[in-house]
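Computed from the coordinates by the stated procedures, all read-outs in this text should not be read as laboratory data. Treat the numbers as computed from the prediction; the structure is a model and nothing was measured. FYI the Cβ positions are ideal-geometry reconstructions off the backbone, even for glycines, and counts take in every protein chain you see.
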Amino acid sequence: MESDSKSLVDELTLEETIELIHGSLDPDGKATGYVPGNERVGIPPLTMVDGPLGVRALGEQATAFPSSIALAASWNPDLARRFGTALGREAAAYGQDVVLGPGVNIIRTPNGGRNFEYYSEDPRLTARMGVGTIEGIQSADVAAMVKHYVANNQETNRYEVSAEVSERTLREIYLPAFRAAVEEADVLSVMTAYNRVNGVHMSDHERLLSDVLKGEWGFDGPVVSDWWGTRSTVDAALAGLDIEMPGVELEAYLPDEASDIDEGDAPDDEGGELPPVPDVSAYFGEPLREAVEAGEVDESILDEKIERLLTLLESVGRFDDDARDGELDTPEHRRLARDIAVEGTVMLTNDGALPLDDSDSIALIGPNADAAKLGGGGSSEVTPVTETSPREGLAERAADLTFERGVPPIAESSFFDDGDEQRDDSADASIDDAVAAAEAADCAVIVAQDDATEFKDRDDIELPGEQNDLVSAVADAAERTVVVLRTSGPVEMPWLEDVDAVLETWYPGQADGEALATVLFGDADPSGRLPVTFGRAAADYPTADEAAFPGVDDAVRYDEGVFVGYRYFDDRDVEPLFPFGHGLSYTTFEYDDVTVSETTDGFEVAVDLRNVGDRTGTEVVQVYARRSAAPVACPDRELVGFETVSLEAGAETTVTISLERDDFAYYDESDGWTVAEGTNTVLVGRSSRDVRATFDVDV
Ligand code: BGC
């Protein structure tokens, strides 16, 4: 292909070249992004579709999978691979070449509006889930576009805000998942973030695009701007941005019912000016041609951009004659959507209320429990063919079910809601009725939720509306109370001591109710573990201060450095509500024998694990490292490995997890990655705070 691509590039006129480095309108009207190709020289068009919770082909339906944070809660990269494969095949079924995802930004603040689209507060877990998803997508001959590179950790003021972040923090926390996407998963395309990093817009960031991503990591595909996220012509072209997207006016490209989303609607809580949404290919169209003619950008720079586009087209088989296989909403995909929802469900507490008995009468209570919680608002919204609400799911499984809303429905943000589906929020919501239903049943199951969306961060981490009052009133009256949270991340739980069990199901997607019934009745073990720390209050996180989030004068200070998520809670000795890695099982695992032995390039941790309960269950063995020998301040513990295993009742196995010397490295601002030589510590356990064995190791 190299020589072919060279000749294709040579054949293109400057006008034609320019046409290929910005988007235009998809003649089929399905794609989220479209690069036209060139018929004369034989370059096919490239189609891109959102991502990452399912395929959002405009006006079409697809399997609505659980949110990324739910997938990450499975701690199961193989599941991510299966998900990615299904996602890729659904994209292929709509003739799409690229999935705009996964999003591998780190969950830095619990308020983040898009946290549900991301995996975790931990770079290692994020990288493993990202690599699995990307490998899956690309196994279907569809490209993944990993996003949003980099430090896109909030929605407030997202076009302007500058993440003021140290090099060490970038390297240790925010970059590793992107690096793994490139070096391990061979991701075929990368999307830049809207925000600035240390003052420079990411679409203009020569050091992070050209030096780090393309230079150090050897990325050879195209770097694509987020939609209307290109901010300059010459700077961006020279910095390493390859394609400006979408090259189309907002109105021309969103469905009619979504036309009320324009820059005026974009939340702008801080009162800052939003940049004007450019008309059409404002930077890489005509202005780029003029810049080339004026000698400000060498044509060879454009040729390289075309070569990267050709590499992508070739990798997804667009120069081959064979049609790519795709499939949509198959029974397997529906089952997979359910399995991810089940495996991602985290049982936070359980004093024996769960699993429910087959004969239990259930009072299902919740303002929105008669609808599946598909996802949050924004570009990741998917329209499924089928969906199951908690009410439907439990009706299938429970012997006796009543339903009360309790309080008015919680509003759900959407980019695409045309208003037709508004639930009636008036007459049938009363806490008294919910209490009466709870009193009459063996068990009250309350489904509560938050509302998260692209464009806007959560104002706080409280359950919205009157849901806390509802939970407290029901818990007072019911014999047993189970709370099911459908949230984008942590919420405060003022009623925690009064309820008998709490499940976190995140945004579970189309199989919501089916998965919930499966877990509640114990047909499957809720095998999820928290991919984020649940603090007691937003004030407990490093982003509680305005300068740290959402920022002051267009700058947000990442002064907590590498101490993000549990690293911060550990460092400050703050007791979380539930720690990173936490999650209960219906069975009990014993860590019989834990050893660490030296290998040629590191260490091997071996755990003799036994399921001593009376049912099949899943355990996630977690290994953390403390780089005690490092000369710089390091987190008390950092995830360096994990293994997820299912065992039948009474079964035992030996779980082995390999560590490399590099797992004990820190980033030194002058010397780069440096192994902390000397005595370090390895901690093995079932969460970041439930440690079963600790070892000193000589590195
Ligand atoms: C989002 C991207 C998305 C793109 C296309 C942007 O608003 O930030 O994640 O892929 O729109 O819909």
Practice item. Compute the semi-axes of the equivalent ellipsoid of segment 40-186, taking the square root of 5 times each eigenvalue of the Cα gyration tensor, and list them largest first in whole Å. Key: 25, 17, 16
Review point. How long are the semi-axes of the ellipsoid equivalent to segment 463-528, from square roots of 5 times the Cα gyration tensor eigenvalues, in whole Å, largest first?
Key: 21, 15, 10
Study note, to complete from the structure: If R0 = 56 Å, then residue 7 and residue 539, at their Cβ-Cβ distance, give a FRET efficiency to the nearest 0.05 of 0.35
**Study point:** Average projection area in nm² (convex hull over Cα atoms of segment 631-699, one quarter of hull surface)
**Key:** 5.7 nm²
Practice item. Over all alpha-carbon pairs of the chain, lay out the pair-distance distribution in 10 Å bins, whole %, shortest bin first. Key: 3, 15, 26, 26, 18, 9, 2, 0
Review point. If the chain between residue 286 and residue 590 were fully stretched, how many nm would it gain, using 0.36 nm times the residue separation less the Cα-Cα distance?
Key: 102.8 nm
Revision key, fill the gap. Sorted largest first, the C-alpha extents of segment 392-548 along its principal axes in whole angstrom are 52, 37, 30
Study note, to complete from the structure: Length gained, residue 633-residue 597, 0.36 nm per residue minus C-alpha separation, equals 10.3 nm
Check your understanding: Cross-link list 30/305; 147/456; 30/147; 6/147; 30/214; 30/456: which exceed 23 angstrom alpha carbon to alpha carbon?
Key -> 30/305; 6/147; 30/214; 30/456
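Peptides 497-505, 610-618, 139-147: what's the order by average Cβ count within 10 Å, highest mean first?
In decreasing order of mean packing, 497-505, 610-618, 139-147 become 139-147, 497-505, 610-618.
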Review point. Given a cut-off of under 8 Å on Cα pairs at least six residues apart, what relative contact order in percent is computed for segment 566-695?
Key: 28 percent
Point to revise | Rg/Rh (Cα only; Kirkwood hydrodynamic radius) as it applies to segment 278-339 | key: 1.28
Check your understanding: Distance from the Cα centre of segment 532-555 to that of segment 18-85, in angstrom?
Key -> 32 Å
Review point. What base-10 log of the normalised intensity I(q)/I(0) is obtained for segment 359-468 from the Debye formula, alpha carbons as equal point scatterers, at q = 0.15, 0.18, 0.23 Å⁻¹?
Key: -0.70, -0.96, -1.31
Practice item. Using label points projected 7 Å from each Cα along Cα→Cβ, tell me how many nm separate residue 553 and residue 469, to one decimal. Key: 4.3 nm
Check your understanding: Of all DSSP beta bridges in the chain, what percent run antiparallel (nearest 5)?
Key -> 60 percent
Exercise for review: Would you work out the relative contact order for the chain, in percent, from Cα pairs under 8 angstrom that are 6 or more residues apart?
Suggested key: 15 percent
Point to revise | For segment 345-375 versus segment 301-316, the gap between their alpha-carbon centres in whole angstrom | key: 50 Å
Practice item. Give the angle, between 0 and 90 degrees and rounded to the nearest 10, that separates the Cα long axis of helix 123-139 from the longest principal axis of the Cα atoms of the chain. Key: 60 degrees
Revision key, fill the gap. Taking a crude spin-label model, label points 7 Å out from Cα along the C-beta direction, the residue 648 to residue 183 distance in nm is 4.2 nm
Check your understanding: Going 7 Å from the Cα of residue 41 toward and past its Cβ, which residues in segment 316-349 have a backbone nitrogen under 18 Å from where you end up?
Key -> 318-320
Practice item. For the chain, find the longest principal axis of its Cα atoms and tell me its angle to the long axis of helix 2-11, 0 to 90°, nearest 10. Key: 60 degrees
Review point. Quick one: Cα centre-to-centre distance for segment 179-198 and segment 440-509, in angstrom?
Key: 35 Å
Point to revise | Loop-located trypsin sites (Lys or Arg not before Pro) in segment 7-107 whose Cβ has at most 15 other Cβ within 10 Å (DSSP) | key: 40
Review point. When the helix-only estimate is applied to the chain (DSSP H runs of n ≥ 4, each -39,500 (n - 2.57), divided by the residue count), what is the mean residue ellipticity at 222 nm, nearest 500 deg cm²/dmol?
Key: -6500 deg cm²/dmol
**Study point:** Using a Förster distance of 56 Å, the FRET efficiency for residue 612-residue 216 (Cβ separation, nearest 0.05)
**Key:** 0.75
Revision key, fill the gap. To the nearest 10 degrees, the tilt of helix 467-477 (Cα long axis) against the first principal axis of the alpha carbons of the chain is 20 degrees
Check your understanding: Roughly what % of Cα-Cα distances in segment 577-699 sit above 17 Å, to the whole percent?
Key -> 57 percent
Point to revise | Pairwise FRET efficiency - residue 523 versus residue 28, Cβ, R0 = 45 Å, nearest 0.05 | key: 0.60
**Study point:** Estimated Rh, segment 198-245: Kirkwood, alpha-carbon pairs, angstrom
**Key:** 10.5 Å
**Study point:** Residue-span extension gain [residue 361 to residue 573] - 0.36 nm each, minus C-alpha spacing
**Key:** 72.0 nm
Revision key, fill the gap. For segment 18-35, in residue order, the Karplus 3J(HN,Hα) values (coefficients 6.51, -1.76, 1.60; θ = phi - 60°; whole Hz; Gly and Pro = x) are 4, 4, 8, 10, 8, x, 8, 6, 6, x, 7, x, 9, 6, 7, x, 8, 10
Exercise for review: Measure of size requested: the Rg and Dmax of segment 111-193, with Cα atoms as the atom set and Å as the unit; please supply both.
Suggested key: 12.9, 38
